[in-house]
1. Considering only C-alpha atoms, what is the centroid distance from region 118-175 to region 327-361, in Å?
2. Which semi-axes, in whole Å and largest first, does the equivalent ellipsoid of region 235-365 have when worked out from the alpha carbon gyration tensor as the square roots of 5 times its eigenvalues?
3. What nm distance separates the two modelled labels at LYS30 and THR58, each placed 7 Å from Cα along Cα→Cβ?
4. State to the nearest 20 debye the size of the charge dipole of region 27-122 about its Cα centre, where the only charges are +1 on K and R beta carbons and -1 on D and E beta carbons.
5. Which residue, ARG335, ARG178, ARG81, has the most motion in a Gaussian network model of the chain that connects Cα atoms within less than 10 Å?
6. Would you look at the GNM of the chain, springs on alpha carbons closer than 10 Å, and say which of ALA155, ALA249, ALA194 moves the most?
7. Quick one: net charge of ASN108's neighbours, Cβ under 14 Å, K/R +1, D/E -1?
8. When the helices in the chain are scored as -39500 (n - 2.57) per DSSP H run of 4 or longer and the sum is shared across all residues, what 222 nm value do you end up with, to the nearest 500 deg cm²/dmol?
Amino acid sequence: MQPFSAFSLFREGLKGQKGWTPQWRTPEPKPAYDAVIVGGGGHGLGAAYYLAKEHGLTNIALLEKGWIGGGNTGRNTTIIRSNYLFDESAALYDHALKLWEGLSQTLNYNVMFSQRGVLMLAHTVHDVQSFQRHIHANRANGVDNEWLTPQAAKAFCPPLNITANIRYPVLGGALQRRGGTARHDAVAWGYARAADALGVDILQNCEVVGIQRDINGAVEAVETTRGPIRTKKVGVSAAGHTSVVLGMAGVRLPLESYPLQALVSEPIKPVFPCVVMSNTVHAYISQSDKGELVIGAGTDVYTSYTQRGGLHINSHTLDAVCELFPQFRRMRMLRNWGGIVDVTPDRSPIIAKTPVPGLYVNCGWGTGGFKATPGAAHLLAWTMAKDQPHPINAPFTIERFRDGHLIDEAAAAAVAH
Ligand code: FAD
Ligand code: PYC
């Protein structure tokens, strides 16, 4: 309520008279930033970078509640591939893979992208048929993928056990040679350094705790643990916590958050030349440049926001790894950890405008968004800058869950959901 005075009555009385301008009124405060990104993982940092680099919006703040790269970006097993079944997904993930191919040059920072090949093992007739379907669909979309016999799989990955009398014998595998790994936290640092050089303000230890909307419902500010920040454009890229942040603006999303775990062995000399994934026995493994075997486990069966998970999940994964690679039985685990992934009903992401003007979201990458980092970032920046999606992310809307236009990629995901 405005204070009531003779002066305010006089001012109100003048209103409506022709040519009157309320010069003495406090002008609406200017937004402090042209855009704010919530979340300092690879996706958020990359979006800030592309907004500045490709769309000329350099007055940007990126707000991270912890430290940059401390979320899933620094916790994942770094597998990069684009061998997805449906046209929409293949286009999305291959867009990302093409950006990965030039990323170290683009950022002038070595993200250690290594195209050592991703081999997905088939253990049942169903696996064989499903992977061959993927191979045909991928090739039709211009995405590389090829079938390997068990012998060819072993030649590609010598530690692989292809004896026929094991519980889940290897019947062959689908190999994407352009797939591989990258150094996960270097991706966060590379984007952060490049964004910073373009003038982006990166604020760590700055949690977003509210989103303010104006009288028309559009975004006008974010509230943070370090005070309010005025802005008319907010992009949320807060994996695992997206529904919490979007809830601050009254937007409900069909997301569930689960812990997903990984672990590494003690470091050893190079023994493992590629990435191997097996849905059926549930194991995925590669070797980092530091020498550790990087092993991914499954999601917990309960929703949770804890950055750890049940120990039995790791123990099942280790059983599977030891069946496929018996020589690793004597290895010791160095450390394990978890991250929180948010999952949509069709296991495909959302990169879209929201019903709130000025609010954009990138989420729902579940267990597989590291590979998408440059692509997701690039498309979120595009969508924010132009207030409309790029043709590649146009199908990945929130409304698809209402309208039934699902992109049901569950079959292509390589980890249990
Ligand atoms: P994050 O890196 O999690 O960044 C989001 C940031 O938002 C966090 O830093 C968080 O602190 C911040 N935040 C949250 N709430 C707020 C708030 N209110 N205010 C401010 N900041 C906030 N994907 C693959 O493609 N290949 C893999 O091999 C793979 N393996 C995985 C293994 C594990 C164990 C896990 C956990 C995930 C794996 N993923 C994998 C998935 C992948 O890690 C994620 O999809 C991807 O890293 C998401 O990146 P991001 O930048 O969106 O999220
Ligand atoms: O999506 O490829 C993937 C993946 C591997 C491990 C976790 N996600």
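Laboratory data are not the source of any read-out in this text; all were calculated from the coordinates shown. Nothing here was measured: the structure is a model prediction, and the numbers come from that model. Virtual Cβ from ideal backbone geometry, glycine too; neighbours counted across all protein chains shown.
1. Distance between centres, Cα-based: 25 Å.
2. Here the semi-axes work out to 35, 14, 13 Å.
3. Reported label-point gap for LYS30 and THR58 is 1.6 nm.
4. Here the size comes out at about 360 debye.
5. Per the Cα network of the chain with a 10 Å cutoff, ARG335 tops the list.
6. Looking only at ALA155, ALA249, ALA194, the largest GNM fluctuation is found for ALA155.
7. +1
8. Only helices count here, giving -9000 deg cm²/dmol.
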